[in-house]
Amino acid sequence: EICDETINPDDSGWITKLQLKEVDLTVDEKGELEKQFHRYVEYYDLKNRGWQYFRQLMVEGEVFFEQIIHEGFIKDGVLGVINLPAEIIDPVYNNIQNMLVKGYIYRKPIFSPEHPEKVEKIEFIPMDQNQIMYVNSGVYNETKNFVIPFLENARRPYRQLSLIEDAIVIYRLVRAPERLVFNVDVGNMAPPKAEAYLKKLIQQYWSRKTFDIDQDDIVKKFNPQSMLDAFWFARRQGSEGTQVSQLAGGSNLGELSDLMYFIKKLYRALKVPSMRLDPNDQASADGSTILREELKFARFIMRQQQRFAAGIKKGYITHLTLMGLLEKLELNEQNIEVEFNVPTNFYELRENQRLELKSNNYNNLAANEFVSATYAQKKYLGWKDRDILANREFLRKDAELQWELGQIQAAGPAWKEQAVAGELAEGEVAVGGEGGGVGGGEGGIPEFGGGPADVDAPEDVDVEAEVDVE
């Protein structure tokens, strides 16, 4: 469930995206950075192997990638990556309090030529910190000797679940057969005679008639299955006589409340919503009933994505440094941000609900004559100045389109030629849908003000007289 939610391709098929912050670059320079980013991310093949990488991070707590660099092609940057097993490489810390990694020790196994399956010796190879792309769970033991994987949280609940499952299976097998209860009337017999009489009946019940080939006759043989199916009780005088009743077996086979308790406990330990136990549950279709649990799960997924994205960012910066682009474009680590596509199910539902709340607040306030619509757009919709300008320009375009449609309906498709040629005399029926016309003094087409909105403009655009940014 966790790994499935971490890999979310967008419409273009990309799982990660590059964000540039506070940079002054040309379109070509941004395009080159985007090109190199996609080239570097393709080395990881996240679409096919991303699920496996995140599972490795959850189970082992660490993921290592060696970045392949050729000394003869330094300007080409990183040429590929290799996933290294976590058990043969260790990080070396420069500052153990802040967990700052200064390098890595790779324990390369040397196999024996005579016995290829036997490790002859271990060769220790030091590696620079930029040579390895390293991601960990961020959780350490008390002495910070090793990384604790996230799956460790579920170890105890999983053991408890395994024990309760075994206990339920054993209990079901023992209690499954149905048994007979014999209440035998022994009248006023003395206890020894009553016991002998009861044993006689038991022997008759335990035996069954069958044909014996060796004796060539019908004989009575012991039936061991009958021992497990009956209980015998003597009943004294004054009773209701001999009775045989059936003792139901396995009456509680369908009661699994204790098992479901430990299953939900395991799900909670892994932060997976317990409602996902039954995908066909009708409650899952109602986002409002389980939104809180699913939203917490989405945030947990985003935290795991951010840890992996931080490792990819560091490797990408190494790639740009080798190519010389980082120095050429005067970039630093703060200008580059790598993000994974967030989970798209209930997280988007939550965003839509937030937008609906904002829209309702805006509509209520904009209807008030004492509140400016432009101010409400900035304050309650969160629009920036360029968004407000773009909205105004599109309103002009929409009005222009409606006006032109009115001319077509009034004068036909050739209304422009008629207006330019001055064929409509003053005093005739005005051309226009809402009483507006193209005739009049000059007989020309009215001009609509305003130029196209610059949607790529910086976010801190001054609206000057139209919008007070303060």
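The values are calculated or read from the model by the stated rules, or taken from the named source; none is laboratory data. From a predicted model like this one, the values you see are computed outputs, not experimental measurements. Quick reminder, even Gly has a Cβ in these numbers, built from the backbone with ideal geometry, and neighbours come from all protein chains shown. Areas reflect the complete protein model, heavy atoms only, side chains present, ligands, DNA and RNA absent. Shrake-Rupley method; radii C 1.70, N 1.55, O 1.52, S 1.80 Å.
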Taking a label point 7 Å from the Cα of L349 along Cα-to-Cβ, the residues of the range 298-317 whose backbone nitrogen sits under 15 Å from it are 298-299
Amide H to amide H under 5 Å from D185: which residues, 5+ apart in sequence or cross-chain, H placed 1.01 Å off N in plane?
-> R235, T242, Q243
Might you tell me the accessible area per residue for the range 51-191, computed with a 1.4 Å probe and given in Å²?
-> 62 Å²
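Assuming R0 = 25 Å, can you tell me the calculated FRET efficiency for the pair M275 and E142, based on Cβ-Cβ distance, to the nearest 0.05? Mind showing how you got there, number by number?
Working: r = 35 Å, r/R0 = 1.40.
After rounding to 0.05, the efficiency reads 0.10.
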Just tell me which lysines come within less than 19 Å, Cα to Cα, of K118; anything on the same chain fewer than 8 places away is out.
-> K108
Between R392 and Y261, how many nm apart are label points set 7 Å from Cα along the C-beta direction?
-> 6.6 nm
Could you work out how far apart the two model spin labels at F370 and A421 are, taking each label as a point 7 Å from the Cα in the direction of the beta carbon, and quote it in nm?
-> 5.8 nm
Using a 1.4 angstrom probe on heavy atoms only, work out the carbon and sulfur share of the accessible area of the range 51-134 in %.
-> 54 percent
Cross-link pairs K30/K75; K264/K296; K102/K314; K17/K144; K35/K328 - those with Cα-Cα distance over 22 Å = K17/K144
Please calculate how many Å² of accessible area the range 321-427 carries per residue, with a 1.4 Å probe and no DNA, RNA or ligand atoms counted.
-> 67 Å²
Rounded FRET efficiency, nearest 0.05, which uses the C-beta distance separating A196 from R55 and R0 of 56 Å = 0.20
With all protein chains modelled, accessible area of Y53 [1.4 Å, Å²] = 10 Å²
Quick one: how many Å² of S257 are accessible to a 1.4 Å probe, rounded to 10?
-> 90 Å²
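In what order, largest first, do R307, R268, R292 sit by accessible area if the probe radius is 1.4 Å? It would help to have the intermediate numbers written out before the result.
Values: R307 95, R268 135, R292 195 Å².
From most accessible down to least: R292, R268, R307.
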Want the number for N95 to R107: 0.36 nm per residue separation, take away the alpha-carbon distance, what's left?
-> 2.1 nm
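Give me the number: length gained by fully extending N341 to Y205, i.e. 0.36 nm times residue separation minus the C-alpha to C-alpha distance, one decimal in nm. If you can, show how the numbers build up before the last one.
On the way: separation 136, 0.36 × 136 = 48.96 nm, distance 7.26 nm.
Result: 41.7 nm gained on full extension.
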